[in-house]
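The values are calculated or read from the model by the stated rules, or taken from the named source; none is laboratory data. Remember, predicted model here, so these are calculated numbers, not experimental data. Backbone-built Cβ (ideal geometry, glycine too); neighbour counts: all protein chains shown. With ligands, DNA and RNA removed, areas are computed over all heavy atoms of the protein, side chains included. Shrake-Rupley method; radii C 1.70, N 1.55, O 1.52, S 1.80 Å.
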Amino acid sequence: MAAVRWVVAVVASVAAFFAVAVPWAVLSSGGHDPWEVIGPVGGVVAAGVLAALGWWASQTTPAGGGPERAVRQSARAEGNIKQTAGNVGAVRRAGRWPMRENIRQKGRGGGDVDQVGGDRA
């Protein structure tokens, strides 16, 4: 999908260049405006279009189109620690794609540490 967006951005940028340069060259008085003037002006317009559509093309959407759920866990202990983030034994959300997760975990201890991030199904 990202490649298609970039192709659209580049093609639109080239089209913007020709949309400015060709009419200017044809409609100028006898075609006497030099391409040293027409080319850079068309290039500036094309660069603006590419900048705007390049920003659009570089945007990523989380898997499932929903918000990203961030889970941060940290554990320190001499005994048993059990931390679970996400849905334990949950069934997939009906009619929806799974939510994108960003999980970071740290664990220390002299005993057992059990950390689970995400769905445990």
(request) Determine, yes or no, whether Ala9 is at pLDDT 90 or above and in contact with a Gly (Cβ under 6 Å, 6 or more places away or on another chain). (result) yes
(request) Could you identify the single residue in Val4, Val20, Val26, Val45 that is at pLDDT 85 or above, open to solvent by 70 Å² or more (accessible area, probe 1.4 Å) and of a type in the set (A, V, I, L, M)? (result) Val4
